[in-house]
1. Sort out which residues of the range 427-437 are open to solvent by less than 20 Å² (accessible area, probe 1.4 Å) and assigned to a loop (DSSP other than H, G, I, E, B), and write them in order of number.
2. Out of the residues in the range 75-86 that are out of contact with any Gly (no Cβ under 8 Å at 6 or more places or on another chain) and part of a loop (DSSP other than H, G, I, E, B), which is surrounded by the most Cβ atoms within 10 Å (Cβ to Cβ)?
3. Quick check on my filter: what residues within the range 333-347 are in contact with a Pro (Cβ under 8 Å, 6 or more places away or on another chain) and either assigned to a loop (DSSP other than H, G, I, E, B) or more than 15 Å from Met385 (Cβ to Cβ) (or both)?
4. Considering only residues that are closer than 17 Å to Pro29 by Cβ and either open to solvent by 60 Å² or more (accessible area, probe 1.4 Å) or assigned to a loop (DSSP other than H, G, I, E, B) (or both), which ones fall in the range 95-124?
5. Just give me the residues in the range 160-188 being over 18 Å from Asp207 (Cβ atoms), touching a residue at least 24 places away in the same chain (Cβ under 8 Å) and surrounded by 14 or more Cβ atoms within 10 Å (Cβ to Cβ), in sequence order.
6. Which members of the range 266-296 meet the condition of being within 20 Å of Ala238 (Cβ to Cβ) and either assigned to a loop (DSSP other than H, G, I, E, B) or open to solvent by 50 Å² or more (accessible area, probe 1.4 Å) (or both)?
7. Return only the number of the condition from (1) more than 30 Å from the chain's Cα centre (by Cα); (2) at pLDDT 95 or above; (3) polar (S, T, N, Q) that Thr36 does not satisfy.
8. Anything in the range 364-374 that is aliphatic (A, V, I, L, M) and crowded, with 22+ Cβ neighbours inside 10 Å? List them, or say none.
Amino acid sequence: MAQKPIREYDGKKLFAQNWDKYFSGLNYPFESVLVTSGDELKAKAKEPGYEWLNEKPLVAKPDMLFGKRGKNGLVLFKVNKPGDVTLEDAAKWIDEKRSGKVTLLSGQSGELTHFIVEPFTPHSEDEEYYIAATTFDEVNDVLYLSAHGGMEVEENWDKVTEVKIPIDASDEKIEKLVKENIPSDIPADKKDVYANFAINFYKFFRDLNFAYLEINPVVIVGNNVYLLDLVARLDDTAGFMMKDKWGDIEFPTPFGMPEKSPEEKAIAEADAKSGASLKLTILNPKGRIWTLVAGGGASVVYADTIADMAGGVEDLANYGEYSGGPTTDETRFYTETVLDLMTREKDPKGRDKILIIGGAIANFTDVAKTFTGIIQAFEKYADKMKDVGTRIYVRRGGPNYEKGLKDIKAAAEKLGLPIEVYGPETHITDIVRMALEEDKKGAN
């Protein structure tokens, strides 16, 4: 499962959009905005439906995929006393925080660019509850319940109840398991509301294909449920079938990480529309060893092997995978993206570029079909590949692999591209050794 974090704002928006379907009888007063500057916040306050920004005390905090914002001093909820933050206060604070680099207690550093602003919810610490759910294994999910939420939840983890729920559990089974495990120290006057919320929280988590979902704290006032802090990750392999429910959800770059390149974004967009898995991370655009690897596990093996045999990762240009039965067109697009990056400039030291096309033995991916996409990309980039001195090494197995290997070898030779082709009788990473040994021969 590929897990991608989403912003707190987007997670709460998903709750609001689906609230009536899952949480009948409970009320979620969703009032929240995501902004990038104080001016944007003040402009938002003039729009219909956002009058509350002028009328209510506010809370402001960064919304950039990192936690412990309170402990990092990055939550504005009071100027003199809790609940007295005005629109002007929030706008000024946002502009101050986005004006320079911030270093967290974890050591991460970067610039703050996105902020979530909401009404302040008056409550006491003993009204802060905790709930979370996560995928556990191929059989069970786990639901976490506690009467002790807030900033110190980790210190109180011994008070958290863990409930294993089979992923194929019926609604009746879910309800039974949750009600039997509601923490005994949830106050009696909140227990029914908390149980109702917990049962449907899990159903919402499951149906919308979350990989992880945490609300800390949850505050309950009558039938009102306030989601004060949210952390969420979606199973992005389900993106192609969740388009209607997720909408145009954003998967932002985590805080402290460099922004994705246009090529990485293009592959991510293609991945979101596909039932296959298409992943690309550019490690060193000037690197000389480029990979087209089928399979997530194989991508790790190849990256480790290249780093080990090459004496480090400096020469490794990219990391990623195409897997899960991509179409010919998807494979062609993925390959063209990699070849475009690889052929933009020659190696500064005058060495050949190396293209590794590897993978384990496929279970259901048609090797010949995906290799047709790779061949089409070769035909488009052959001249550029020759100009940077590309050598190609292929190792693959699986359905139709004999035809795929035969086709790619014939096509490369016709285009004048040096290529070596091997099937499953060759160890999965032997082509890395062969490529680097050829370097030594050329140097002698």
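1. Let us first name the residues in the range 427-437 that are open to solvent by less than 20 Å² (accessible area, probe 1.4 Å), namely 429, 431-432, 435.
Of everything in the range 427-437, just one residue is open to solvent by less than 20 Å² (accessible area, probe 1.4 Å) and assigned to a loop (DSSP other than H, G, I, E, B), namely Thr429.
2. In the first step, residues of the range 75-86 are kept if they are out of contact with any Gly (no Cβ under 8 Å at 6 or more places or on another chain); the result is 75-76, 78-86.
This time we only want the ones that are part of a loop (DSSP other than H, G, I, E, B), so: 75, 79-81, 83-86.
Numbers: Val75: 15, Val79: 15, Asn80: 6, Lys81: 9, Gly83: 15, Asp84: 13, Val85: 23, Thr86: 14.
Per the criteria, the residue is Val85.
3. Of all residues in the range 333-347, those in contact with a Pro (Cβ under 8 Å, 6 or more places away or on another chain) come to 334, 341, 344.
Correct list: Tyr334, Arg344.
4. If we filter the range 95-124 for residues that are closer than 17 Å to Pro29 by Cβ, which is where we start, we get 116-123.
Once the filter is applied, which keeps residues that are closer than 17 Å to Pro29 by Cβ and either open to solvent by 60 Å² or more (accessible area, probe 1.4 Å) or assigned to a loop (DSSP other than H, G, I, E, B) (or both), the range 95-124 yields Phe120, Thr121, Pro122, His123.
5. First, pick out the residues of the range 160-188 that are over 18 Å from Asp207 (Cβ atoms): 160-162, 164, 176, 179-188.
So of that shortlist, the ones also touching a residue at least 24 places away in the same chain (Cβ under 8 Å) come out as 160, 164, 181-183, 185-187.
Val160, Lys164, Asn181, Ile182, Pro183, Ile186, listed by residue number.
6. Filtering the range 266-296 down to residues within 20 Å of Ala238 (Cβ to Cβ) leaves 267-280, 295-296.
Across the range 266-296, the qualifying residues are Glu269, Lys273, Ser274, Gly275, Ala276, Gly295.
7. (1)
8. Kept after step one, since they are aliphatic (A, V, I, L, M), are these residues of the range 364-374: 367-368, 374.
Scanning the range 364-374 gives Val367, Ile374.
The values are calculated or read from the model by the stated rules, or taken from the named source; none is laboratory data. All of these numbers come straight from a predicted model, not from anything done at the bench. Cβ sites come from the backbone with ideal geometry, for glycine too, and all protein chains shown count toward neighbours. In case anyone asks, the SASA skips ligands and DNA or RNA and just uses the protein heavy atoms, side chains included. Shrake-Rupley method; radii C 1.70, N 1.55, O 1.52, S 1.80 Å.
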